[in-house]
Each structure stands twice: as C-alpha cells, then as structure tokens.
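Remarks on the structure that follows.
The numbers here are math on the coordinates, done by the rules we state, and not lab data. All values derive from a computational prediction rather than experimental measurement. Counting neighbours? That spans all protein chains shown, and the Cβs are built from the backbone with ideal geometry, glycine included.
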Amino acid sequence: MRTSCDCLTAELERKTIRPSEALALPVHLMFQGRSGAQRRAVHLVYRTPDAPDGTRTLTLTVQGTILTPVMRFPDSLDLGVQVPGGTATGTVELAAGQTRAFRIHNVGLDRVNARADYQADTADLRHLIHLTLPVPLRAGTFSGFVIATTDLPEMPQVQIPYQGLAAPLIEAQPSVIAARRGTGLDASLTLASAHRIAFRVTHAYATDARIRVTLDLAEERPRIHVTSNALAESLHGAMVRITTDHPICRIIEVPIRSSAAPVRM
C-alpha cells in the first residue's frame, strides 16, 4: 500500500480477497493547515492468479474540500523555476469558507525586500494577495510562508506557504572538474537547463593547451569530454570555457581543481 503524500495514510493487512468479497479500507487524511479542494491517491499493489510472478497496481482517488473560515487557492503557492538572485511573483486567493465577508488587516513577510499587494481593511468574500519574493542567490529549492492577519476571531491568522527552485539558466554538471594528484585528467560534463530553454553548444575549449576538449552532441544533453596526460596538480586553476547560443547565458566556465590527497598505490 502506497499513498501520494505523507498526509494520507491507509491501513490494510495482507490477505486474500475472494470473488464477490468486499473489503473496507480505512483512509486517514491529516489536514495540517490545508484548506480548499484536495485530491490524493492510494496505490494498492496486488497479485492475481493469472499473474503469479508479477504484481499489479490499483489506484484509488480520495478527493474532497476542506472548509475552514478562510481557504487558500492554491493551497501552497508554487513559484516554479527561478534564476538565482532574481525575483519571483505569485498570486494567492483567500476565500471565505462560509458566506461571511472578512477583512485582511496586514500581511507578514518572511524575507527582506519581499512585497505583498492587497486591499487592506476591505470587507469581501474573496481577497487576492500578489506576492513578490526575492530568490536566493544559491541554487536549490527554497520555501517559506507569509501570514495574513484577518478580522475573523475563529481564524485570525492564515499561513500562506510557498516553494520554488532556484536554478541557473544553464548549469554544468558537475560544476567543478575534480582530479586527484599524481594522475592525468579524464572527465565528462553535461549541460542542462531547468528552465527548459532550448540552447545549442557552439564551442568548448580549455585555457591550458595541454587539455583536450571534445564535444558530443549526439545525446539529448550536450556532453563534453575533458582529457589530458599532464598531472592534475599542474592543471589546477585551468578553466573549460563553453560557448552557447543562449541569448543570456552565452559562456559557462568550469574550473579544474586537483585534490590535495595523493592517489594511493
């Protein structure tokens, strides 16, 4: 038995179900501050007589609406893929879970230079909050939440979670070419864009003439092979420069570093 998220649990013991037999499946959903429309899945893995050596999966859908005094749409704001150091924008709607107008007094922000635009102290059944959030300089996932304060005594504060991914326009993997002292150099690089922007590698070379750089464009991701017969410590500090036709990210530099630990014989 598997579920689509940690908030959903399903309990079922191993047993044989015969034709025309019914089976109760207890399913528990933990709200954890969620509101609005919800849709989750329970995956039941089973074996049948006609497939004794394999298993099959039956997917059961659990859906409904969690009514709270104030509901969020979306329940969690996905800011998508963003450029590190830039800004991300998104809109959240707060709606009355009952036919009762409410006011937003203020919105608390968890980041410096963040901004929230909304109609303050205006009674309405629905409110839009436009968020402008700074994206971290470091690549990777980021998340947080803002808090809207309302005039409803039963729900004076509403948390608005958000998440996103900070990723370079084009990223070299790995970002550093590492080689051990006492050995030559033999490494491969791939280039990828989490932003799904099409680009083409036009040229690749090394700043040290002893390093050979070759391009392999046959695969889906451009692959670059870097080799040298020179010892890694003599190549420390050299760069592999890759030129692309991307309108913004035209040159990617990948440094070469030699490790301090010598190769064990």
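Plainly put, region 183-265 has a radius of gyration that is 1.02 times its Kirkwood radius, both from alpha-carbon atoms, as the Rg/Rh ratio. Of the trypsin sites (Lys or Arg not before Pro) found in region 36-69, the ones in coil according to DSSP and having at most 14 other Cβ atoms within 10 Å of their Cβ are Arg47.
Three semi-axes describe the equivalent ellipsoid of region 2-66; taken as square roots of 5 times the Cα gyration tensor eigenvalues and ordered largest first, they are 28, 12, 10 Å. For Thr55 and Leu29, the difference between the fully extended length at 0.36 nm per residue and the C-alpha to C-alpha distance is 6.7 nm.
With the convex hull drawn over the C-alpha atoms of region 105-253, the volume per residue is 164 Å³. Computed from the Cα positions only, the extents of region 109-186 along the three principal axes stand at 72, 23, 20 Å, in decreasing order.
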